[in-house]
């Protein structure tokens, strides 16, 4: 297997199988720093493996599920802080600081979720369409499946450049 083939397979394992860099390095007989270098070089070239990974997760679970989960976790932490404030476990000056910080954090989180979701959602849809195409070809035109499979990974990199930048 060539270095370029290893890099493509490493990317696919990281993005779609959610494997970590150390495991991927071991699987392909490369040093973990090589994996990190590939990932960094791809980012410099516009292919953000982390964004593609997030989009892949969203494509599987849906953006609403992911954003909802993050918002729910944040709100539970905020509620715990408010309970601590109400119960008098925190001094008055610190209460005010925490309330201001909490309000600021809630505003920022809401804004970030709204801005992030559309881009990652677009990439997630694009990745889902790719997977559906591959399934369709495998079911209806199995003789073409090897050619499509060969094109899917490099095309996934292109989609990440288009939708995640």
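Bear in mind these aren't lab numbers, they're just calculated from the coordinates by the rules spelled out. Bear in mind that the values here come from a model prediction, so they are computed numbers and not experimental data. As a convention, Cβ positions derive from the backbone with ideal geometry for all residues, glycine included, and neighbour counts pool all protein chains shown.
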Subject >> Sorted by Cβ density within 10 Å, fewest first, the residues 34, 160, 2, 23 >> reply: 2, 23, 34, 160
Original post:
When 161, 97, 39 are ordered from fewest to most other Cβ atoms inside 10 Å of their Cβ, what list results?
Top reply: 97, 161, 39
Original post:
In nanometres, what is the gap between the two model label sites at residue 50 and residue 161, each 7 Å from Cα along Cα-to-Cβ?
Top reply: 2.1 nm
Original post:
Where does each of 74, 136, 35 land when they are ranked from fewest to most other beta-carbon atoms within 10 angstrom?
Top reply: 136, 74, 35
Subject >> When segment 1-45 is reduced to its Cα atoms, the Kirkwood hydrodynamic radius in Å >> reply: 10.2 Å
